[in-house]
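*Asks:* Questions regarding the structure given below will be posed in turn.
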Amino acid sequence: LQVHNKLLNSVEGCVDDALLGLVCLNPGLCQLQGQRVVLRSDLSSLRGRVALLSGGGSGHEPAHTGYVGRGMLSGAVAGDVFSSPPPGSILAAIRAVMEAGAEGVLLIVKNYTGDRLNFGLALEQARSEGMDVAMVIIADDCAFTEPGKAGRRGLCGTVLIHKLAGALAEEGRPLVEIVERVSRAAQHIGTLGVSLSPCCLPGACPTFTLAADQMELGLGIHGEVGIKRSKIASADEVVTMMIDHMTDSSSQSHLPLKAGDSVVLVVNNLGGLSCLEMAVVAGSAVRSLESRGVSVARGISGSFITSLEMAGVSLTLMVTDEELLRLFDAETAAPAWPITGRVPLTGRSRTIQPVQKESAEAESAGTEGPSALLSRRVLQQVCSSLLAMQEELDELDRAAGDGDCGGTHARAARAIQEWLGGHVIPDCPAQLLSSLAGLVQERMGGSSGALYSLFLTAAALPLRTQSTPAAWADALHAGIEAMKRYGGAEPGDRTMLDALCPAVQELEGLRSSPPGGEMKVLERAVQQAELGAELTRDLTARAGRASYISAARLRLPDPGAIAVAAILRAVLTSLKSGA
């Protein structure tokens, strides 16, 4: 096992540095001098109200300091990483809020032995000084079917209690009422986590080992052992397994949940999952609950109580009613609490129908005129050429990119072939180019798809009213300018423009060519394209993905330029055969 690198100033000072960083960025927070205690900056607003304090070991950020603010906690006490804070710091926090005029203090504590002992000792000391202090212990873990003497662990459900209690305290409710109401709510909260990796304390090795293809269900937020290890499965399967276990009535730790119930859902990142993965899990959780007839009244996703960099997620469910939702929705200034919508998630429309553009072309009926038949023949030749070159283009691209240039062009070719089989080609060149632009944009993908679509879209405009040789010259020039404007490349940058630009420049001759001379202009244009493509082997890439590759490694021509030259050669070949 190896010690994981962490971006810290020192192992010994990491907690103090983190607290300093938090208060530096949040003017609503301040630190109690000499203590690892974060308090609201507006302590005077506590006068006549109940103050709320929580805390625990560091390494679970944003818990609990991120929940300090109007509408949530009055303060939070931090210990060393994964270690309960000392009673002296807790007592100092109690004294500070009482001195500010609080009429009582509620300690919200996760059910871990160290937290119970140290917060309990501080509570007794505060009471001996005449202060009115109460404590609620949160034990929302649904992992163990038969919990031992220590009971269920306190997990992410604690954050929901911060929110409910904070709203009640802000309303000026008395201490005894807040204790009674949040204790009742806590009985209807359940949490279960799953991990794909361990975590590492600063300066230490991983807390446990887990095979690359394994996950562990039901572990604690300090890396404590879970209930089962198994092969990693899909997000849908993992979420189903988690909710099944959480609601299994044969377990002493289960959360009673039935069809018709309404819940608040918290999808909590244990530290190391990407935002992409979290969104996938959140969608799986909502669908799984709704499939059971459970209504998701509210839902939040993010990092709420973490385990350093552990790659994992926990799901917290709170069976709710209108009063709990009112408290959940109440405003708060706590920096780590997300902005939430105040509408039920279940039952709302999640899609908006896109605007359907009416097509000006016939779809699958009618006959094609001579120009349309010629266009069909040209497109078929272009597609055949690109499909035949797929491996050649991919091989060229492996030296300069990700090796998919041939596959990308082949994807476009197959899409065009499919389109040709089900459509009557319009006689109007502008309509044809617009249709092809939409097709490659949707089906080709990548930057090549966008560039070709730009070229075709811009080229279609000059051809709306006429299709003379001069109009075609204007169209090709417009296409080139659009590619340069949005793609950022110029001739000489080792891109497809190095083949396309000299060809389009040669095609300017269409403006003055005599009748019947267009084919000679096209032949010269194709020759210029092929020459330009070949010369890219001596150019330094200054645009596109190849610009990140050492020039010493680029000794082959640019695959995009080769593809453009091949397309123009196919056009010429087809036109000659039909002449």
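The values are calculated or read from the model by the stated rules, or taken from the named source; none is laboratory data. As the structure is a computational prediction, the values presented were derived from the model and not from experiment. Cβ coordinates were reconstructed from backbone atoms using ideal geometry, including for glycine residues, and neighbour counts include every protein chain displayed. Accessible surface areas use protein heavy atoms only, side chains included; no ligands, DNA or RNA. Shrake-Rupley method; radii C 1.70, N 1.55, O 1.52, S 1.80 Å.
*Asks:* If I go through segment 520-533 residue by residue, how many of them are open to solvent by less than 60 Å² (accessible area, probe 1.4 Å) and more than 16 Å from ALA561 (Cα to Cα)?
*Replies:* Here is the first cut: in segment 520-533, the residues open to solvent by less than 60 Å² (accessible area, probe 1.4 Å) are 521-523, 525-526, 529, 532-533.
Next, only the ones that are more than 16 Å from ALA561 (Cα to Cα) stay: 521-523.
Qualifying residue count for the region: 3.
*Asks:* Within segment 493-519, work out how many residues are in contact with a Lys or Arg (Cβ under 8 Å, 6 or more places away or on another chain) and surrounded by 16 or more Cβ atoms within 10 Å (Cβ to Cβ). Step through it out loud before you land on a result.
*Replies:* Residues of segment 493-519 in contact with a Lys or Arg (Cβ under 8 Å, 6 or more places away or on another chain): 493-494, 497, 506, 509, 513, 519.
In the following step, the residues that additionally are surrounded by 16 or more Cβ atoms within 10 Å (Cβ to Cβ) were identified as 493-494, 497, 506, 509, 513.
Residues in segment 493-519 being in contact with a Lys or Arg (Cβ under 8 Å, 6 or more places away or on another chain) and surrounded by 16 or more Cβ atoms within 10 Å (Cβ to Cβ): 6 in total.
*Asks:* Now, a different point. I'm trying to understand the selection: among the residues of segment 185-205, which are open to solvent by 20 Å² or more (accessible area, probe 1.4 Å) and touching a residue at least 60 places away in the same chain (Cβ under 8 Å)? Spell out the reasoning first.
*Replies:* Within segment 185-205, the first condition is being open to solvent by 20 Å² or more (accessible area, probe 1.4 Å), and the residues that meet it are 186-188, 196-198, 201-205.
The answer is HIS188, LEU196, SER197, PRO198, LEU201, PRO202, GLY203, ALA204, CYS205.
*Asks:* Within segment 36-56, count every residue that is surrounded by 21 or more Cβ atoms within 10 Å (Cβ to Cβ) and either in contact with a Phe, Trp or Tyr (Cβ under 7 Å, 6 or more places away or on another chain) or outside any helix (DSSP H, G or I) (or both).
*Replies:* The total comes to 13.
*Asks:* The conditions are (1) of a type in the set (D, E, K, R); (2) open to solvent by less than 50 Å² (accessible area, probe 1.4 Å); (3) out of contact with any Ser or Thr (no Cβ under 8 Å at 6 or more places or on another chain), and LYS6 fails exactly one of them. Which is it?
*Replies:* (2)
*Asks:* Quick check: is even one residue across segment 338-352 at pLDDT below 95 and within 30 Å of ALA570 (Cβ to Cβ)?
*Replies:* For segment 338-352, residues at pLDDT below 95 and within 30 Å of ALA570 (Cβ to Cβ): absent.
*Asks:* Give just the number: which of (1) in contact with a helix residue (DSSP H, G or I) (Cβ under 6 Å, 6 or more places away or on another chain); (2) closer than 30 Å to ARG494 by Cβ does ARG342 not satisfy?
*Replies:* Of (1) in contact with a helix residue (DSSP H, G or I) (Cβ under 6 Å, 6 or more places away or on another chain); (2) closer than 30 Å to ARG494 by Cβ, only one is false for ARG342: (2).
*Asks:* With at positive phi and more than 35 Å from the chain's Cα centre (by Cα) as the only criterion, which of GLY56, GLY34 stands out?
*Replies:* GLY34
*Asks:* Please enumerate the residues belonging to segment 10-35 that are assigned to a loop (DSSP other than H, G, I, E, B) and either hydrophobic (A, V, I, L, M, F, W, C) or over 23 Å from PRO86 (Cα atoms) (or both).
*Replies:* First, the residues of segment 10-35 that are assigned to a loop (DSSP other than H, G, I, E, B): 10-13, 26-28, 32-35.
Result: VAL11, ASN26, PRO27, GLY28, LEU32.
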